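J.: Before I ask anything, here is the structure I am working with.
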Amino acid sequence: MKISILTIFPEMVSVIKKYGVISKAVENKILDIQIFNLRDFTNDKHKVVDDYPFGGGPGMVMKPEPFFRFFEYFNKEFGKPYTILTSPQGETLNNEIVKELSCEKNVLIICGRYEGIDERVMSFVDREISIGDYVLTGGELPAMIIADAISRFVPEVIDKDSVEQESFNTGILDHPHYTRPREINGLKVPEVLLSGDHNKIEIWRRKMALKKTMEKRPDLFFNKEFDKLDKVALLELFRELIDGVR
Ligand SMILES: C[S@@+](CC[C@H](N)C(=O)[O-])C[C@H]1O[C@@H](n2cnc3c(N)ncnc32)[C@H](O)[C@@H]1O
């Protein structure tokens, strides 16, 4: 999969390629992440990318010409991308959107700055994505978040089982995790995880995942379609809760 990011701060964004599983996927050519500097598509001495807003008002606006030049170059060189504009006005990113985007082969993410981008650049944009209802100084962090989240769903970037059991993917939150030592400061690893009984462990994990979801994200819990394992786990959970109030 090719993920391209268009920004005026390439150094800020390029760190995404340097760490963890994403750097490995880039090394192994599973992911091709390319960062483009919008200033390379200006044609004046000072590489200016912003201008005053028509109609007046505070702040500057990103000029359209460097974008138009960039798209002409990119389409010719790499084919037409699926273009995402980072914007507080877009759809709020969630697991479903991330999964959809990960099916694209050639994704381009545009980072806005200043008051935003000249509206005519929207003619190239397929989707506007926000990372939440607040305003940041630029689209670089959202672009990195989008690229990171998409990458995790690209086959072979991360172990398939690990992605499948993670929060949201199953419709609920992930279960708690423990590692060595077995005890620290009097806090013990739950006995069931040391039992070697895989059936019991599976039920316990589902039960804890459902409990966490009920407590932290009741919206997810009440929208979940419960499968057989959920029902067994819930029965156990409700029994424990009833025993607790007796
Ligand atoms: C200061 S913001 C512009 C805000 C714009 N004037 C508005 O009020 O909608 C500059 C850039 O940061 C990025 N940005 C800011 N907040 C964001 C968010 N919540 N999600 C995604 N991108 C965001 C966008 O690329 C935006 O063009």
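J.: Out of all the residues in the stretch 83-92, which are within 11 Å of residue 132 (Cβ to Cβ) and more than 8 Å from the ligand (Cβ to nearest atom)?
T.: Within the stretch 83-92, 92 is the sole residue that qualifies.
J.: Taking the stretch 147-195 as the region of interest, how many residues are open to solvent by less than 80 Å² (accessible area, probe 1.4 Å), farther than 21 Å from residue 29 by Cα and touching a helix residue (DSSP H, G or I) at 6+ places or on another chain (Cβ under 8 Å)?
T.: 12
J.: Consider only pairs whose beta carbons are under 8 Å apart and that are at least six residues apart or on different chains; among these, list those whose first residue lies in the stretch 68-82 and is at pLDDT 95 or above and whose second residue is open to solvent by 80 Å² or more (accessible area, probe 1.4 Å).
T.: Listed by first residue and then by second, the contacts come to 69/43.
J.: In the set 80, 63, 18, which member is more than 16 Å from the ligand (Cβ to nearest atom), closer than 22 Å to residue 128 by Cβ and either open to solvent by 80 Å² or more (accessible area, probe 1.4 Å) or in contact with an Asp or Glu (Cβ under 6 Å, 6 or more places away or on another chain) (or both)?
T.: 80
J.: Could you run through the stretch 66-77 and say how many residues are away from the ligand (no atom under 16 Å from the Cβ), open to solvent by less than 50 Å² (accessible area, probe 1.4 Å) and within 19 Å of residue 119 (Cβ to Cβ)?
T.: 1
J.: List the helices (runs of 4 or more DSSP H) that sit entirely inside the stretch 194-246 and contain at least 1 residues that are more than 19 Å from residue 169 (Cβ to Cβ) and without any contact (Cβ under 8 Å) to a residue 40 or more places away in the chain.
T.: Hits in the stretch 194-246: 198-216, 228-245.
To keep it simple, each residue is scored yes or no on (1) within 14 Å of the chain's Cα centre (by Cα); (2) open to solvent by 30 Å² or more (accessible area, probe 1.4 Å); (3) under 25 Å from residue 39 (Cα atoms).
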| position | (1), (2), (3) |
| --- | --- |
| 86 | yes, no, yes |
| 95 | yes, yes, no |
| 99 | yes, yes, no |
| 102 | yes, no, no |
| 108 | no, no, yes |
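J.: Considering the stretch 110-121 alone, what residues qualify as being near the ligand (Cβ under 10 Å from one of its atoms) and under 11 Å from residue 53 (Cβ atoms)?
T.: 114, 115, 116
J.: Looking at (1) among the β-branched types (Val, Ile, Thr); (2) in contact with a Ser or Thr (Cβ under 8 Å, 6 or more places away or on another chain); (3) closer than 20 Å to residue 138 by Cα, which is the only condition residue 5 fails?
T.: It is condition (2) that residue 5 fails.
J.: Still on this structure, please answer the following. Give me the pairs, please: first residue somewhere in the stretch 122-145 and within 9 Å of the ligand (Cβ to nearest atom), second residue anywhere and open to solvent by 40 Å² or more (accessible area, probe 1.4 Å) and assigned to a helix (DSSP H, G or I), beta-carbon distance under 8 Å, and either six or more positions apart or on two chains.
T.: Correct list of pairs: 131/141; 131/145; 140/12.
The values are calculated or read from the model by the stated rules, or taken from the named source; none is laboratory data. Source: prediction; values computed, not measured. As a convention, Cβ positions derive from the backbone with ideal geometry for all residues, glycine included, and neighbour counts pool all protein chains shown. To get the accessible areas, we keep the full protein, side chains included, count just its heavy atoms, and leave off ligands, DNA and RNA. Shrake-Rupley method; radii C 1.70, N 1.55, O 1.52, S 1.80 Å.
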